[in-house]
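Below: one structure, written as structure tokens.
The values are calculated or read from the model by the stated rules, or taken from the named source; none is laboratory data. Since we're looking at a predicted model, the values are computed, not measured. Here the Cβ positions follow ideal geometry from the backbone for every residue, glycine too, while neighbour counts run over all protein chains shown.
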Amino acid sequence: MQPTRRTSVRITGRILYLTRDPDLLQRQLDGEDLEWDESIELIDNISTDEITPSWICYYYDEKLADYALIGLRGGLIKPNAIKDGDFGVIVSGLSKGCGSSRETAPFSELKAGVHLVVARSIEKIYRQNCQNIGLLTSTDFGLLDCIKRGEELPIDAFTDGLDEISAQVVEHGGLFAYNRARLAGHVAPPIPKRSPRPMTICEKIIAAHAISDASTGQTGVDAVVPGDSLFARTDVRFTHEYVTPMAAALFRSGLGDDATVSEPGSVFAFRDHLTFLDSVMPAAHRELGLDVQAASLATAQEEFCAEQGIKLYGEVTRDGKLVGSEAICHNKVIEELANPGDLVTGTDSHTCMAGALGCFAFGVGSTDMANAWFTRDVRVRVPETARFVLRGKLSPGVVAKDVILQLLSMDFFKSGEGIGKVLEFAGPAVRDMELDERATLTNMAVEAGGFTGIVEADEVVVDYLKDRRSLSVEQLRAGIVRADEGASYCASFDVDLANLEPMVATPGDPRNGVRLTQLGDSVTIDIAYGGSCTGGKKADMAMYANVLEQAKQAGMKIADGVRFFIQFGSQEIRADAIGQGFYALFEEMGVELIDPSCGACIKAGPGVSERADEVTISAINRNFPGRSGPGQVYLASPLTVAASAIAGHICSADELFAASNLAPAGQ
């Protein structure tokens, strides 16, 4: 029987406008229907962390409906408020669904009774997750009057402007229904038939991986252009324990209990997110049984991996004691799994970090991964690419984190223009960076709303990989993909970094970047945190050590009242820190050292704030409200984090050592 494709929908339920005015928001929650006009200010940049805070993600079923939007800034949304309020439409401002790729966010809204999300702009991964589960989205505010009148709306009101596959997914009511039709031969996925043309790095990788014959799975087409929709073969697929259980449940429900993962040798799983959760879980959450619920995620992942033959990077014991994880997934993908020219997909928005190797790497939701496990391919709408040519020699004390915070503060990203774009980093300043610093740039491409970030691979990458892969040097070089002369970009920026100063992103959004010298009044800190995939690399450890060694020489110590945490991105990085003497220095200076895990970055380990009045300076990648606890989080480079820990307030290493007549850290 051929699956039904929707031609129209009728949206029912109340409309909830997520207003900046808390009184207007509360009145709607209390039962009043708001009369909309354009003068009402809506909340921008509502992250998936606000829709479903980290602790909500311990659930992966309809229980999520109870907690939809419970983390929204201001604290007005209470458990069951969306479900009990009979809200069928949720309306907000720019960049709805920024941040994490967690599918729990739209799933919680859908199961709470929401049929449609309307926003000024909608982030790429969140929107695709909505499509996959059957939650409609639109940026057309004109639909709201039609909905109030109870009109039946044509389905093309929600598919106009979408690529062919996305439109068909919406028409079928979700990705599983679409794929059932696809596998049964009722719908044929498009295969680009383009004449050869100059292409960007990512376009060339997509073209090489595009499914060109659906019956045989053959890959490779002559060319693609932005907007083309297709299925592409993956080289690496990975999940972590936050997402594996939900994806596994979807896999079984959508494909049957006997379904098996295709080519499990290219599939990997990580126990890297909740390793230290027990150390920070509040008593109130334990009383709700969340400790047991969270522990069940790891068990479910282990069982699925054992059943399907998937390699699991798990926990590590030392002297018979659990100490942490083998690695954060993104660090391990670079250390062991991905190669130049690969297509890498993972259930985490920071999958894009692997773009530092010159591969096309991006995050997906649970439904996309469940399908990719079975088919080994993933749907892609060929993205536009924005090129950033970085020139000029960085000043001492200025590093890649400062560069990306400066770029994120550009109007191109703050306005939402960067949503769904590839960020291609090039130029002599990038070539001068070591691999870890390039990874900082690509990791944080998603904070701009970008599809991914990428750097053309070169001998720096080959030298890093040659003793880590079974491939020869010649094979590694052969995998390098370079942009063609004459390739087209949606935007190009030529950026001179010579005068760049240390940067800091003020609380609320990574795009809130300002020069540290413009921060204004001194900002006293309570916590300094160096870690996560972004700030826990070998190069980052060297930066923390550089500052602390100079502080030691000057007779300085960590400021009274400040806790300084350093967390390693992998066991390899930890071992290197020991070998370099950094570990002993950190211990001597009073740093609290933590084995690998995502930890405080997702409010699941030491380094989280406990009170709203606490201030953290952090080397992580995002500082959305509630991300690392209730306190205020400033983002900065490892150098600035370490210097601030010594000073007791936010300052650069240059400022810290000026009075000591020592050279700035980074010289």
Of the residues G569, G536, which single one is farther than 24 Å from L407 by Cα, at pLDDT 95 or above, among the small types (G, A, S) and within 26 Å of the chain's Cα centre (by Cα)? G569
Taking the stretch 580-606, which residues are outside any helix (DSSP H, G or I) and in contact with a Lys or Arg (Cβ under 8 Å, 6 or more places away or on another chain)? M589, G590, E592, D595, P596, K603
Select, from R515, R511, the only residue that is under 25 Å from the mean Cα position of the chain (by Cα), under 30 Å from L656 (Cα atoms) and without any contact (Cβ under 8 Å) to a residue 60 or more places away in the chain. R515
Of the residues in the stretch 277-301, those that are touching a residue at least 12 places away in the same chain (Cβ under 8 Å), out of contact with any Pro (no Cβ under 7 Å at 6 or more places or on another chain) and either surrounded by fewer than 17 Cβ atoms within 10 Å (Cβ to Cβ) or not in a helix (DSSP H, G or I) (or both) come to D278, M281, H285, D291, Q293, S296
Consider only pairs whose beta carbons are under 9 Å apart and that are at least six residues apart or on different chains; among these, list those whose first residue lies in the stretch 549-561 and is within 18 Å of G581 (Cα to Cα) and whose second residue is modelled with pLDDT under 95 and of a type in the set (K, R). none
Residues that are out of contact with any helix residue (DSSP H, G or I) (no Cβ under 7 Å at 6 or more places or on another chain) and either surrounded by fewer than 24 Cβ atoms within 10 Å (Cβ to Cβ) or assigned to a loop (DSSP other than H, G, I, E, B) (or both), drawn from the stretch 637-653: G648, H649
Just to be sure, is L635 touching a Leu at 6+ places or on another chain (Cβ under 9 Å), of a type outside the set (V, I, T) and more than 26 Å from T351 (Cβ to Cβ)? no
Please work out which residue is nearest to the chain's Cα centre (by Cα), limiting yourself to the stretch 310-354 and to residues that are closer than 21 Å to V481 by Cβ and among the hydroxyl-bearing types (S, T, Y). T351
Return a yes/no flag: does the stretch 442-456 have any residue that is buried (at least 18 other Cβ atoms within 10 Å of the Cβ), more than 18 Å from M353 (Cβ to Cβ) and not β-branched (V, I, T). no
Looking at D86, D140, D145, can you tell me which residue is surrounded by fewer than 19 Cβ atoms within 10 Å (Cβ to Cβ) and either closer than 23 Å to P22 by Cα or in contact with a Lys or Arg (Cβ under 7 Å, 6 or more places away or on another chain) (or both)? D86
If I ask for residues that are assigned to a strand (DSSP E or B) and free of Cβ contacts under 8 Å to residues at least 12 places away in the same chain, which ones from the stretch 214-265 would you list? Q218
Restricting the search to the stretch 166-192, which residues are out of contact with any helix residue (DSSP H, G or I) (no Cβ under 9 Å at 6 or more places or on another chain) and within 30 Å of L357 (Cβ to Cβ)? I191
What do you reckon, is T219 within 19 Å of A338 (Cβ to Cβ), surrounded by fewer than 24 Cβ atoms within 10 Å (Cβ to Cβ) and of a type in the set (S, T, N, Q)? yes
Take A600 and decide whether it is aliphatic (A, V, I, L, M) and farther than 21 Å from I650 by Cα. no
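Looking at E123, E109, can you tell me which residue is touching a strand residue (DSSP E or B) at 6+ places or on another chain (Cβ under 6 Å) and touching a residue at least 40 places away in the same chain (Cβ under 8 Å)?
E123 is the lone residue from the list that is touching a strand residue (DSSP E or B) at 6+ places or on another chain (Cβ under 6 Å) and touching a residue at least 40 places away in the same chain (Cβ under 8 Å).
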In the stretch 367-389, what residues are touching a Phe, Trp or Tyr at 6+ places or on another chain (Cβ under 8 Å), crowded, with 23+ Cβ neighbours inside 10 Å and over 20 Å from T442 (Cα atoms)? T367, A370, N371, W373, D377, R379
Single residue of the stretch 156-205 satisfying the filter (farther than 27 Å from C490 by Cα, over 27 Å from the mean Cα position of the chain (by Cα) and modelled with pLDDT of 95 or more) that is surrounded by the fewest Cβ atoms within 10 Å (Cβ to Cβ): E171
Checked the stretch 586-614 for anything closer than 24 Å to A643 by Cβ and surrounded by 19 or more Cβ atoms within 10 Å (Cβ to Cβ); matches are F586, M589, V591, I594, G599, A600, C601, G605, P606, G607, V608, S609
Failed condition for D521, given (1) under 24 Å from the mean Cα position of the chain (by Cα); (2) part of a loop (DSSP other than H, G, I, E, B): (1)
